[in-house]
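Notes for the one structure printed next.
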Amino acid sequence: MTELERRLGHEFSDASLLETALTTPACRMDRPEVEDNQRLEFLGDAVFGLLSADAVFAAYPWEQEGPLTVRRTHLVSGAALAAAAERIGLGSFLRRNVGAAPLQPHAKVLADALEAVMGAVWLDAGIDAARAVFARLHLPIDEKLNEWATNPKGHLQVLAQAMRPSRHPVYTINQVKGPSHAPTVTVTVEVAGLGRATATAGSQRQAEISAAAALLTELDRSDKQRHGNGASKKGRK
């Protein structure tokens, strides 16, 4: 077993799969005859998608599709995968072009290579082996989604797109008052099937952000009420 296999917790039956997974596209600048890891990256992306969906589905049994989609997206984001790759020292095993510059922290090539490695594990030994490697990566499944606190429009967009059929928030300017250098703008945001909210601010952009935040707050309150009511009913049985 190689050092990287030890860190992954998987010994490959077909070592050529791992070698291909570690071969970056840039390596072909010097060795055009080698196969790079892009096909395995494509497969590994899908494997990560399946395993992350399974993980958040099990970890958050009370959440609905929208929040679960946000968690899944965060769990296997490029940044999360690059950080996991750094934790296992994947960069030192990559096959790169001669004279390549040192990898920067959270480099995309690390996330791409980790996806390729996961694709290679899947082909080598199937879903159980892939799930075991996934667990060893310690991806941030328990991390709070604080990144949305500063991006309520992005959060609302993800929730809307996760609906079936997919939707988009619609922002409407209701009123603009005051002088052009200091306006007061009122905006309503609506997502069909989720609801609507209105907010007023000193610019259209800020009013849209505030309206999105207001709708998210209302959705969170409604979810907690439904949850609480369900718990109360179970308690009365």
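The values are calculated or read from the model by the stated rules, or taken from the named source; none is laboratory data. The model shown is predicted, which means the values in this text are computed figures rather than measured ones. Cβ sites come from the backbone with ideal geometry, for glycine too, and all protein chains shown count toward neighbours.
Annotations for the structure displayed:
- Test: residue in the stretch 36-44 that is modelled with pLDDT under 95 and among the aliphatic types (A, V, I, L, M): no
- Looking only at the stretch 190-237, and only at residues there that are at pLDDT 75 or above and of a type in the set (Asp, Glu), the one that is surrounded by the fewest Cβ atoms within 10 Å (Cβ to Cβ): Asp220
- Every pair of residues 6+ apart whose Cβ atoms lie under 6 Å, when the first sits in the stretch 136-159 and is within 22 Å of Leu8 (Cβ to Cβ) while the second is modelled with pLDDT of 85 or more and surrounded by fewer than 19 Cβ atoms within 10 Å (Cβ to Cβ): Arg136/Gly9; Ile141/Ala59
- Look at the stretch 1-24: where a residue is farther than 13 Å from Trp122 by Cα and a partner is part of a loop (DSSP other than H, G, I, E, B) and among the small types (Gly, Ala, Ser), sitting 6+ places away or on another chain with Cβ atoms under 9 Å, you get Glu3/Gly89; Leu4/Gly89; Arg7/Gly89; Thr24/Ala100.
- Any hit, the stretch 187-197, residues being farther than 18 Å from Leu156 by Cα, free of Cβ contacts under 8 Å to residues at least 60 places away in the same chain, of a type in the set (Ser, Thr, Tyr) and assigned by TED's automatic domain parsing to the domain that holds Ala160: no
- Filter result for Gly66 (surrounded by 15 or more Cβ atoms within 10 Å (Cβ to Cβ), at pLDDT 90 or above and part of a helix (DSSP H, G or I)): no
- When the helices (runs of 4 or more DSSP H) confined to the stretch 73-144 are screened for residues that are touching a Ser or Thr at 6+ places or on another chain (Cβ under 7 Å) and surrounded by 14 or more Cβ atoms within 10 Å (Cβ to Cβ), those reaching at least 1 such residues are found at 108-125.
- Condition check for Ala58: surrounded by 14 or more Cβ atoms within 10 Å (Cβ to Cβ) and either modelled with pLDDT under 90 or assigned to a helix (DSSP H, G or I) (or both): no
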